[in-house]
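Note sheet for the following structure.
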Amino acid sequence: MSTQKPRHTEDGALYRTSDPIIEVRDAEVVFGMDRGVSRVLDGVDLDVQRNEILGIVGESGSGKSMLASAMLDAVVDPGRLSGRITYHPADRDPVDVLGLSKAELKRLRWEDISMVFQGAMSSFNPTMEVRGNFVETLEAHDYDVEAGLERTREILRDLYLEPERVLDSYPHELSGGMQQRALIALSLVLEPDVLVMDEPTAALDLLMQRSILQLLEKLKQKYDLTLVFITHDLPLVAELADRLAVMYAFELVEIGPTEEILRDAAHPYTRSLLNATPNIDSGLEEMRPIEGSAPDPVDVPTGCSYHPRCPMADETCVEDDPEFLRADDGHNVACFHWQDAEEAVPFVLDGQEADR
Amino acid sequence: MSGDPLVSLTDVEVHFEESQGLLDFGEPELVRAVDGVSLDIEERDVVALVGESGCGKTTLGKTAIGLQRPTGGSVEFQGQDVWDAKDGKGDVEVPYGEVRRSLQIIHQDPGSALNPNRRVMKTLEAPLKKWQSGMSAGDRRGEILSMLEEVGMSPASDYAGRYPHQLSGGEKQRVALVRSLLMDPDLILADEAISALDVSLRVEMMDLMLDLQDRYDTSFVFVSHDLSNARYLASHGGGRIGVMYLGELVEVGPAEQVIENPRHPYTKVLKWATPDLRVDEGAGEPPVRKIDIPDPKDPPSGCRFHTRCPEAREACVRDAPATEEVGDGHEVACFRTVDDHEYWSSPELVDDPSGGDRDTTSTAD
């Protein structure tokens with residue numbers, strides 16, 4: 001057993017936003033494995049603010065998909081989720097997501113918080129036309145099918161698709177970009193408040209990815225949505241998101257307004273990630289890989305899990321796990337030495353020098 | 001060495017017949033994966049091919065390394081027609097075996113390219129046994145270990161004893177790279193070879209390729225859908241970027257020129273689609289009239305980009321633009337590069353307003 005103090009801070013004020021629609025507190029997911037217990041989400045505290053676009057960024061195996069699943073109590077067996085997830089609807093009492101019955105959870109997942117995964121093909125029933133998929137969803141939730149299909153047509157048009165052609169096609173007859181847009185339409189047909197998207201565009205071409213992002217921004221305005229966008233692609237989501245949350249080794253290491261993260265990232269990992277990101281407008285020399293590799297969930301380093309790769313790491317980092325510290329208003333960072341990060345891991349966003 | 005380029009593609013055409021399925025006996029449909037592409041690849045060269053999926057960039061890459069037989073045009077390796085060598089036609093100066101050894105590939109998914117039941121050492125011994133059968137077992141092992149060290153897999157003896165599942169994605173890709181390198185190739189096709197890697201590992205892998213270009217004069221054809229990665233590799237390697245659209249090479253030129261001063265409207269669209277970290281400017285609307293790619297089985301008339309091009313005019317529907325040189329080694333196939341073309345006086349294309357502002361016309365890509 002670890003003797004470290006828990007990561008979760010008692011003072012919740014740091015994570016709190018003014019009007020949260022989803023509150024995640026001390027969320028933890030563990031898997032029992034032959035090699036030991038695998039903690040794939042480790043004490044995450046996070047608020048999703050109503051009507052914001054939150055980008056959650058992390059490399060593969062950082063726990064970002066687990067965090068997404070946790071928000072809907074959708075962690076797959078044998079994973080075990082603990083902690084507290086609260087959903088705050090605009091017009092009813094707060095909902096304790098982890099305390100819901102199976103039937104209640106099913107309703108919550110489509111009608112309040114909806115989710116879009118990578119790989120649209122596996123989300124549609126391939127043996128029926130796209131229309132059948134929509135009808136099935138509407139019927140399963142006792143919605144008026146005709147009104148629902150009318151709404152479907154409108155959303156499909158919003159996504160630059162021809163409604164009748166798409167509805168009359170089988171999923172495999174659509175291109176990847178069309179499938180993914182049709183899936184976004186399906187996720188919105190029961191009028192949810194929150195759309196959680198896990199790498200919704202990763203399998204698509206950049207042009208289609210960018211186009212879908214633009215469309216999402218419009219949908220958000222039109223249907224009054226809150227968007228949580230999970231990706232490994234920092235520059236992609238940076239354009240869309242109001243706030244960015246960065247995950248490393250199953251923990252949240254930094255969160256803040258997008259612009260602030262891009263200009264003044266406080267965690268050395270975030271800064272290295274920015275340095276490692278090819279940027280079409282920046283100088284070619286400024287791109288640097290991050291040394292080392294991400295840890296195994298069974299064998300996460302002691303203290304700060306980034307310490308073996310961090311140029312600033314010292315004894316404290318090896319022994320203690322840093323709690324969130326306030327770097328600025330609404331900008332939190334889990335690093336003992338964040339104030340030195342700017343010097344230790346230089347990063348200058350191209351074209352921003354003049355502002356400093 | 002002769003004055004011939006390492007690999008020379010002339011008017012290459014690759015058309016696939018796609019049958020309709022089990023019970024359909026109608027005419028097979030023709031997919032024009034590559035159409036009329038000419039490209040020379042020099043020694044120690046880097047050519048990055050970019051474009052959307054289905055644009056033919058991988059097919060062109062495979063044609064360049066003699067893995068895909070073109071249905072038209074020619075592919076030469078050091079002046080020797082690759083397929084004449086294979087078929088034993090005419091005087092074969094460079095035997096086909098030599099061509100195969102010289103032109104190698106690394107794939108997008110390194111996991112499926114490695115035998116899961118073989119240790120790294122065993123996997124890497126195979127090419128040496130085949131191509132350098134005179135080598136002693138001890139020399140072979142020594143060579144493999146030093147190559148593993150070279151690509152940063154240290155301690156090499158530890159890595160050599162591992163199975164693929166004991167390697168990370170980046171490490172598997174390095175093993176795939178070492179396997180190609182052991183053939184002492186002149187050209188390696190890296191087919192989306194970094195796409196599956198984490199962002200932080202991509203730069204590392206590209207740096208490794210650049211290092212090998214520098215040290216062994218290896219040339220690379222780098223197939224990618226990501227313009228910023230293409231730029232990184234091609235610029236550092238002193239190479240070119242080639243932009244493909246529906247089987248055609250629409251713009252090719254020195255990397256920085258293509259990025260800084262793209263001349264084809266499609267290249268500009270790709271540049272728009274490449275995310276950057278600027279905070280000040282919103283991206284705005286996609287600069288295309290339609291966001292979906294037309295069906296490659298039935299490409300549009302004239303300039304194939306005209307159905308999506310924001311600059312398209314009536315002239316683009318009728319005629320396909322020829323390739324024009326717009327700068328040193330910078331070639332573009334667009335009427336807009338010709339000052340006195342009738343394009344300039346032809347009317348702009350207007351989309352059918354009845355079908356909504358951005359209706360799609362394709363079924364699949």
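Tabulated values for the structure
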{"read-out": "Whether the stretch A:90-200 is rounded, prolate or oblate, judged on the alpha carbon gyration tensor where a/c under 1.5 counts as rounded", "value": "prolate"}
{"read-out": "Among A:26-38, B:321-333, B:259-271, the order from most to least packed when residues are scored by Cβ within 10 Å on average", "value": "B:259-271, B:321-333, A:26-38"}
{"read-out": "Inter-chain Cβ neighbour average for residues B:284-294, partner chain, 10 Å", "value": "4"}
{"read-out": "Over 29 Å between alpha carbons, listed pairs B:172/B:268; A:218/B:297; A:102/A:218; B:86/B:268; A:218/B:268; A:102/A:222", "value": "B:172/B:268; A:218/B:297; A:102/A:218; B:86/B:268; A:102/A:222"}
{"read-out": "Footprinting exposure proxy for A:326, B:101 (fewest neighbouring C-beta atoms within 10 Å first)", "value": "A:326, B:101"}
{"read-out": "Cα→Cβ-extended label distance, 7 Å offset, between residue A:314 and residue A:242, nm", "value": "3.8"}
{"read-out": "Cysteines without a disulfide-compatible neighbour (Cβ-Cβ under 4.7 Å), chain B", "value": "B:55, B:309, B:334"}
{"read-out": "The protein assembly as shown: C-alpha gyration tensor shape, a/c 1.5 cut-off, then a/b vs b/c", "value": "oblate"}
{"read-out": "Per-residue average of Cβ from other chains inside 10 Å of A:161-168", "value": "2"}
{"read-out": "Beta bridges per DSSP with both ends in the stretch A:12-241, % antiparallel, nearest 5", "value": "55"}
{"read-out": "Percent of beta bridges antiparallel (DSSP, the protein assembly as shown, rounded to nearest 5)", "value": "60"}
{"read-out": "Computed Rg/Rh of chain B, alpha carbon atoms with Kirkwood Rh", "value": "1.00"}
{"read-out": "Nonlocal amide H pairs with residue A:228, under 5 Å, H built at 1.01 Å", "value": "A:54, A:195, A:196, A:197"}
{"read-out": "Cα-based reach from residue B:89 at 24 Å (exclusive), listing lysines while leaving out same-chain residues under 8 positions away", "value": "B:62"}
{"read-out": "The stretch A:57-134 shape via C-alpha gyration tensor axes, a/c threshold 1.5", "value": "oblate"}
{"read-out": "Share of pairwise Cα separations in chain A, more than 34 Å, in percent", "value": "28"}
{"read-out": "Tail beyond 16 Å, pair distance distribution of the stretch B:149-207 (Cα, percent)", "value": "45"}
{"read-out": "Listed peptides A:146-158, A:264-276 by packing density, highest first (mean Cβ within 10 Å)", "value": "A:264-276, A:146-158"}
{"read-out": "Between helix A:176-188 and chain A: long-axis angle, C-alpha atoms, 0 to 90°, nearest 10", "value": "80"}
{"read-out": "Rg to Rh, two decimals, where the stretch A:265-351 supplies the alpha carbon set and Rh follows Kirkwood", "value": "0.99"}
{"read-out": "Label point distance in nm, residue A:224-residue B:318, each placed 7 Å from Cα along Cα→Cβ", "value": "5.4"}
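Read-outs throughout are calculated quantities, based only on the coordinates presented, and are distinct from any laboratory measurement. Quick caveat: nothing in here was measured; it's all calculated off a predicted structure. Counting neighbours? That spans all protein chains shown, and the Cβs are built from the backbone with ideal geometry, glycine included.
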